[in-house]
Amino acid sequence: MKDISEAILTECLRYQVIPLAMENNQLVIAAVESESLNQVISELSFTCGCHIKVNYWPAMKVEQYIHRLKHSRPDGALIAVAQLQLPNDEAAEYADERHDDEPVVQFINQVIRQAFQRRASDIHFEPYAGHYRIRLRIDGTLQETAMPPAALALQLAARLKIMGRLDIAERRLPQDGQLTFNLDGEERALRISTIPVSAGEKVVLRVMESGKAPQEIASMGMPTKLQTLYTSMIHQPQGLILVTGPTGSGKTATLYAGLRLLNDASRNICSVEDPIEIPLSGMNQTQINLKAGITFSTALRAFLRQDPDILMVGEIRDRETADIAIEAAQTGHLVLATLHTNSAADTLVRLSQMGIPDYLLASSLKLIVAQRLIRCLCPRCRQKKPHDQKVYRGGKNITLHDSQAMGCEHCLSGYYGRTGIYEMLCVTDELRQALFNGATATQLHILACQQGMVPLFEAGITLVEQGITSLQELYRTIGAAHQEPEADLL
């Protein structure tokens, strides 16, 4: 960066642009083309006292350069604050909302803004004995983004708790809350969670979905055949539909994609969630509040007195909630819910272990959707591997043409974005009979596959064959395929 002063570099980083050179009172910058860029150029020109020339770069290239710049140079203002060694009470006051122009406040705002720009789902603020680390979860994997001075741990935690309206003085117990962040005129919601750790308090911000652009079923990576099945099932007048998978697998997005199709003036749709992740006009959405006595089960019981047509349960966590959901599904309501299990067949066994009688489960359950989110190879830099791969599929080893992640200025380690992989178990008469007979998860899985269910690993192999993802990423997300034991169906 030729003839770039520290002051100009600081100003450019504040506006998320890259200074390239200073020539004859003209500052050359690299930036992403956007609607707000003209305003940035005007303000930067005024602040730096020079003309601005712009080179347009891809967003990912700009992000990577800014990331390297921030890691290669300490923030002087932050270091100055860290050197103050403020007492606890003064540190909290320093991070108060009355000090919006302070370096700590600006730094946190910059980190959150960067998280939105880089499509992060979570922001981790992590104190350690000798250093402080901030990481972003992008496309399901954590990436380091900044390392402020370790002495700022108290101020950073205090500011974040003030933003989430949490108790600043309470450092011994975990706390949860919610905050809003203004991103280019749009209010975006984040969920905040704090927990005491050995070197202070760790804070995690979860980026909530924006209600302005909810996902459509067709954009979620669901094959046409499964789209048809899912759409037909959610239009059933009654019954229970479950979406399962680990945390962060896109379960809520799948449910809301279906609810958007059902959301009209002729239906009373009620949901109970913890928290409300996607605000949707036309739905009656209730937030769990344990202090006020609002749990999944109490909210569901209240909903049943509200003349509902469709109920959505954010998560079935216990026997009581499961009982009420099944009762509602058997009394003329359509119930959609999520559950944490590894596969569709495991869901049947899990509910049975909760104490739900098999006959109730078999008579109320209509569809189980098990899903994962898998990273997509960058279409600009992916390459076919020179040698084919051997994988176990459909009871035998097959040869597979695999692709590999190379990495370029447009992507993150060769991957960009994620798509869903799904297995759908439609509860048929044969499966109901197997449930009555006490079949195991393996037996139920084999029977479902015989009736046309495509397992998660098989769905992932299809994406590998299409060059959408890699075999390595499939193994990371699902695990290696294994030969399933022969099982006599009951």
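Below is a table of values for the structure above.
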| read-out | value |
| --- | --- |
| P(r) weight above 39 Å for the chain, C-alpha pairs, percent | 35 percent |
| Cα Rg, Dmax, the range 282-436, angstrom units | 21.4, 63 |
| Residues of the range 344-378 with amide N under 20 Å of the 7 Å Cα→Cβ point at T228 | 367-370 |
| Kirkwood Rh and Cα Rg combined as Rg over Rh, evaluated for the range 357-490 | 1.08 |
| Using alpha-carbon coordinates, inclination of helix 224-234 to the longest axis of the chain, degrees | 70 degrees |
| Gyration tensor (alpha-carbon) shape descriptor, the range 224-300, a/c threshold 1.5 | prolate |
| Modelled FRET efficiency - R0 30 Å, E409 with H340, Cβ distances, 0.05 increments | 0.20 |
| Positive minus negative residues near L377 (Lys, Arg vs Asp, Glu; Cβ under 15 Å) | +3 |
| Square roots of five times the Cα gyration tensor eigenvalues for the range 169-293, Å | 32, 16, 16 |
| Percent accessible area from carbon and sulfur atoms, the range 93-190, protein chains only, probe 1.4 Å | 45 percent |
| Cysteines not pairable in the chain (beta carbon separation under 4.7 Å absent) | C12, C48, C50, C270, C376, C426, C449 |
| Solvent-accessible area, 1.4 Å probe, carbon plus sulfur percent, for the range 280-343 | 45 percent |
| Accessible area (Å², 1.4 Å probe, nearest 10) - S193 | 50 Å² |
| Cα gyration tensor category, rounded, prolate or oblate, for the range 114-202 with a/c compared to 1.5 | oblate |
| Selection from T477, S198, L183, by position along the positive dipole direction of the chain (Cβ) | T477 |
| E33, E23, ranked by accessible area, largest first (probe 1.4 Å) | E33, E23 |
| Net lengthening on full extension, Q383/N55 (0.36 nm per residue, minus Cα-Cα) | 115.2 nm |
| Per residue, in Å², the accessible surface of the chain once ligands and nucleic acids are set aside, probe 1.4 Å | 47 Å² |
| Computed helical MRE - 222 nm, the chain, DSSP H runs ≥ 4 contributing -39500 (n - 2.57), nearest 500 | -10000 deg cm²/dmol |
| Links that overshoot a 20 Å alpha carbon limit, given the list K225/K366; K251/K366; K225/K384 | K225/K384 |
| Around N284: net Lys/Arg minus Asp/Glu count, Cβ-Cβ under 12 Å | -2 |
| Counted charge near L339, where neighbours are those whose Cβ lies closer than 15 Å (Asp, Glu -1; Lys, Arg +1) | -2 |
| Label-point separation in nm, S5 to H131, each point 7 Å along Cα→Cβ | 3.2 nm |
| Listed peptides 404-414, 455-465, 248-258, 152-162 by packing density, highest first (mean Cβ within 10 Å) | 152-162, 248-258, 455-465, 404-414 |
| Counting DSSP beta bridges with both ends in the chain, the antiparallel % (nearest 5) | 65 percent |
| Spherically averaged projected area in nm², based on the convex hull that wraps the Cα atoms of the range 388-435 | 6.0 nm² |
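The values are calculated or read from the model by the stated rules, or taken from the named source; none is laboratory data. Given the structure is predicted, the values throughout are model-derived calculations rather than measurements. Reconstructed Cβ throughout: ideal geometry from the backbone, glycine too, with neighbour counts over all protein chains shown. Note: accessible area is taken over every heavy atom of the protein model, side chains too, but ligands, DNA and RNA are not part of it. Shrake-Rupley method; radii C 1.70, N 1.55, O 1.52, S 1.80 Å.
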